[in-house]
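So the structure is just underneath, and the comments pick up after that.
The values are calculated or read from the model by the stated rules, or taken from the named source; none is laboratory data. Just so it is clear, the model here is predicted, and its values are computed rather than measured. Note: ideal-geometry Cβ built from the backbone for every residue, glycine included; neighbour counts use all protein chains shown.
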Amino acid sequence: MAAANKFLLCYVAAVLVSGLAVITCKASTTYTVGGTSGWDISTDLESWVQDKTFAVGDILLFQYSQIHSVSEVPKESYDQCNMTKVIKTSSDGNTSIPLTTPGQHYFVCGNGLHCLGGMKIQVTAIGGANSPANAPQGSDNGPSGLVPGSKKNQPTLSSSNVINGGSDYLVLGLLCVVGTVLYLIGS
Ligand SMILES: *[C@@H]1O[C@H](CO)[C@@H](O)[C@H](O)[C@H]1NC(C)=O
Ligand SMILES: *[C@@H]1O[C@H](CO)[C@@H](O)[C@H](O)[C@H]1NC(C)=O
Ligand SMILES: [Cu+2]
């Protein structure tokens with residue numbers, strides 16, 4: 001009876017741990033920017049961003065028509081809609097951008113007038129399960145990949161996309177079950 005109880009306890013523990021893993025190590029989320037309206041000048045992007053919490057590992061999917069583009073830019077470019085300094089620009093109409101670092105990320109339409117019209121978002125990525133502890137936030141734009149304002153819209157995308165399931169917890173749970181079975185056999 002004691003062994004059965006122990007097994008039950010272990011089983012419950014494994015389930016709890018797995019549940020916790022799902023909550024804490026939630027898989028990366030892909031957000032379609034602007035929802036069904038997409039990345040557009042008519043979309044209320046500010047409201048769209050407001051009620052969301054983004055984490056490192058999440059992906060922003062920008063969907064837009066040919067007249068638009070999407071550029072990740074440093075803060076000063078974002079504030080002034082000045083496209084002189086751009087980190088990365090895409091114009092393929094369906095652009096996935098993973099949030100690979102914690103802190104602020106700034107995205108604008110490459111058309112300065114659209115940007116001035118509100119076609120821009122500022123996103124804060126909180127340190128995800130994949131990032132080592134909490135890196136310092138607000139370290140605005142360490143512009144390591146800064147490309148001076150070339151007017152070419154090149155759809156170069158980084159794909160250092162870190163997705164990590166809760167497999168560690170699964171292994172832990174399995175070990176627990178195996179341990180219990182061994183214990184049962186041994187007793
Ligand atoms: C944009 O920023 C650059 C410096 O980064 C500056 O030289 C230029 O005058 C700015 N343009 C406008 C329109 O403010
Ligand atoms: C847009 O990109 C997403 C993610 O990469 C993909 O799942 C989707 O099929 C693409 N849609 C179109 C219309 O290409
Ligand atoms: Cu635009």
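The C-beta contact set for region 109-125 (first residue farther than 13 Å from Thr43 by Cβ, second residue modelled with pLDDT of 95 or more and aromatic (Phe, Trp, Tyr), distance under 6 angstrom, 6+ apart or interchain) comprises Gln122/Tyr106; Val123/Phe54; Ala125/Phe54.
Would you call Asp79 of a type outside the set (Gly, Ala, Ser) and within 16 Å of ligand 2 (Cβ to nearest atom)? Answer is no for this residue. Among the conditions (1) modelled with pLDDT of 95 or more; (2) assigned to a loop (DSSP other than H, G, I, E, B), Pro136 misses just one, which is (1).
Given the condition part of a loop (DSSP other than H, G, I, E, B), within 16 Å of ligand 1 (Cβ to nearest atom), of a type outside the set (Gly, Ala, Ser) and modelled with pLDDT of 95 or more, answer yes or no: does some residue in region 61-74 qualify? Scanning region 61-74 turns up at least one residue that is part of a loop (DSSP other than H, G, I, E, B), within 16 Å of ligand 1 (Cβ to nearest atom), of a type outside the set (Gly, Ala, Ser) and modelled with pLDDT of 95 or more. When the test is whether a residue is of a type in the set (Gly, Ala, Ser), touching a helix residue (DSSP H, G or I) at 6+ places or on another chain (Cβ under 8 Å) and more than 16 Å from ligand 2 (Cβ to nearest atom), Gly127 does not pass it. Of Glu72, Glu46, all but one fail to be touching a residue at least 12 places away in the same chain (Cβ under 8 Å), out of contact with any Asp or Glu (no Cβ under 8 Å at 6 or more places or on another chain) and buried (at least 16 other Cβ atoms within 10 Å of the Cβ); the exception is Glu72.
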